[in-house]
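Inspection log for the structure reproduced underneath, given as structure tokens.
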Amino acid sequence: MSKINILWADDEIDLLRPHIMFLTGKGYNVVTVTNGRDALDMLEQQVFHMIILDENMPGISGLEALQRIKIMQPNVPVIMITKSEEENIMNQAIGSEIADYLIKPVNPMQILLSIKKNLHSDELVAEKVTVDYRQEFMAISQQISDARTIEQWHELYNTLVRWELTLSATETGMNEMLRMQKEEANAAFAKWVKRNYEQWLTTDTHPLRSNEIIKSRVFPLLDKGQNVCLVVIDNFRLDQWRTISPLLADHFTVERDELYTAILPTVTQYARNAIFSGLMPIDIERMFPDLWVDEDSPEGKNVNEAPLIQTLLDRYRRRVTFSYNKINDVDTGERLVQNFNTLTNYQFNVLVFNFIDMLSHSRTESKMMRELANTDEAYRSLTESWFRNNYALELFKLLAEAGYKVILTTDHGTIRVTEPIKVVGDRHTNTNLRYKLGKNLTYNQRQVFEITRPQRFGLPSPNVSSTYIFASGRDFFAYPNNFNHYVQYYTDTFQHGGISMEEMLVPLVTLNPR
């Protein structure tokens with residue numbers, strides 16, 4: 001341990017010699033003074049890592065010294081020690097952002113514990129986290145090998161996200177090991193999806209899918225007369241939900257925290273329209289051709305969401321009024337906050353937040369945004385900042401106050417891509433980097449999930465020979481023409497449409513107002 005300098009100011013410092021000897025024996029350099037004035041003078045002469053301050057000293061009191069210390073060295077942690085148990089003194093000290101507050105008599109171990117908590121907690125936590133992750137590493141590898149059911153994949157993905165958040169909060173050096181495990185897990189997950197996806201669409205035994213969300217989670221609540229708000233945050237991943245969930249704790253309790261499986265392709269046109277219609281894409285095109293938007297149409301892919309919701313309510317004979325609001329910018333969100341009372345006229349409200357989707361796209365197109373969201377950790381941080389400081393959190397507070405149950409979910413997640421795969425298509429081939437739809441595609445079959453009979457997978461087929469192909473893991477599709485420029489531009493950007501745990505295993509949360 002490098003030498004830690006501690007300043008201890010107490011007018012009875014002679015009585016504390018055993019404490020000082022104990023700390024010296026633990027490797028700390030303790031400088032002592034008997035009053036507040038000397039403490040302030042000492043701070044001008046020497047750098048200290050911590051200050052221990054007696055509250056009741058002659059001349060400048062501990063509280064007065066504390067105020068000046070916070071001006072001189074605002075980042076140095078201060079432990080306040082006092083004989084008094086008066087609440088106002090405690091409030092003043094805590095209000096001055098002290099590191100700890102101890103009541104005399106104190107023993108040496110109390111002081112040592114406070115020092116460790118305030119000076120060494122990061123390294124102690126990192127050490128413990130490192131040991132714990134190394135111990136669990138083999139268990140996680142075994143989970144990857146053994147995963148055969150959707151429940152096992154949910155458990156594995158939750159474990160990996162838990163460790164991702166834990167390791168990102170500490171300096172352990174274990175992040176690379178975890179990244180390798182996630183890639184191993186995603187490779188195994190992609191193989192599992194390829195083997196099972198078709199039967200999920202043709203049998204009753206399948207994971208909860210996009211087209212079943214409203215029927216299975218919203219309708220039962222509406223049938224009980226409950227006011228419900230379905231919140232869909234575009235491009236929302238499990239790690240982002242874990243990041244923002246503490247912000248909702250004062251307003252909601254979590255009734256159900258689960259994952260569901262987004263359908264392929266994991267993009268708005270297919271997955272989100274499936275949520276709102278309660279249908280697979282091929283059935284939307286067949287039953288409501290005027291509401292289905294083809295791949296090559298210049299029309300927006302999500303322009304018919306409110307009409308699709310109405311078709312779902314009509315099919316299931318739910319005579320319920322609903323509102324639909326899509327929030328694409330701050331102005332729209334703030335107007336909705338200001339006019340929130342209009343939502344209370346409806347038993348069922350649908351809110352779509354597009355910020356995270358816009359963030360991922362702007363990160364692709366903007367050098368500045370790439371700098372701001374250069375890692376998954378930074379991507380989560382921007383999500384948390386948006387949710388905390390904008391209209392989103394305020395809308396959730398208002399929903400809680402109005403007594404709405406909230407179903408919080410997404411249409412799909414996203415993944416940071418790094419590995420290009422060559423594909424050749426004609427001018428009618430879609431532009432998405434994680435899946436391609438066309439009739440003259442050239443590709444390496446071993447690198448993709450290939451669907452040559454789209455109807456069997458619930459997908460429209462624009463032409464008789466239409467084929468869908470999907471990238472998995474961190475792969476993305478690139479054209480041979482100008483390949484190097486294309487790869488350089490899109491490598492390390494967030495994309496969606498393909499097969500990965502991040503894109504397909506997405507949050508579905510039921511929140512009860514407090």
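The values are calculated or read from the model by the stated rules, or taken from the named source; none is laboratory data. These numbers were taken from a predicted model, which means no experiment stands behind them. Glycine gets a Cβ as well: all are built from the backbone with ideal geometry, and neighbour counts include every protein chain shown.
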Might you check whether a residue that is in contact with an Asp or Glu (Cβ under 9 Å, 6 or more places away or on another chain) and under 18 Å from A271 (Cα atoms) occurs anywhere in the range 499-506?
-> yes
Does D357 satisfy being loosely packed, with under 14 Cβ neighbours inside 10 Å and out of contact with any Cys (no Cβ under 8 Å at 6 or more places or on another chain)?
-> no
From R179, R148, grab the single residue that is assigned to a helix (DSSP H, G or I), among the basic types (K, R) and at pLDDT 90 or above.
-> R179
Go through (1) among the aliphatic types (A, V, I, L, M); (2) part of a helix (DSSP H, G or I); (3) modelled with pLDDT of 85 or more; (4) surrounded by fewer than 17 Cβ atoms within 10 Å (Cβ to Cβ) one by one and return the number of the condition L66 breaks.
-> (4)
Read through the list (1) within 21 Å of the chain's Cα centre (by Cα); (2) basic (K, R); (3) surrounded by fewer than 16 Cβ atoms within 10 Å (Cβ to Cβ), then give the number of the only condition that R148 fails.
-> (1)
Please report, ordered by residue number, the helices (runs of 4 or more DSSP H) entirely within the range 366-461 with at least 1 residues that are at pLDDT below 95, buried (at least 16 other Cβ atoms within 10 Å of the Cβ) and among the polar types (S, T, N, Q).
-> 376-389
Positions within the range 226-253 being assigned to a strand (DSSP E or B) and more than 16 Å from the chain's Cα centre (by Cα), in sequence order | V228, C229, L230, F252, T253
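A quick yes/no check of all residues on (1) in the same structural domain as T375 (by TED's automatic domain parsing); (2) over 22 Å from G498 (Cβ atoms):
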| position | (1), (2) |
| --- | --- |
| H154 | no, no |
| N158 | no, no |
| T172 | no, yes |
| E176 | no, yes |
| K194 | no, no |
| K215 | yes, yes |
Out of (1) touching a Ser or Thr at 6+ places or on another chain (Cβ under 8 Å); (2) surrounded by 19 or more Cβ atoms within 10 Å (Cβ to Cβ); (3) farther than 25 Å from W200 by Cα; (4) not polar (S, T, N, Q), the odd one out for Y346 is which?
-> (2)
Residues in the range 169-213 that are touching a strand residue (DSSP E or B) at 6+ places or on another chain (Cβ under 9 Å), under 30 Å from T311 (Cβ atoms) and among the charged types (D, E, K, R): how many?
-> 3
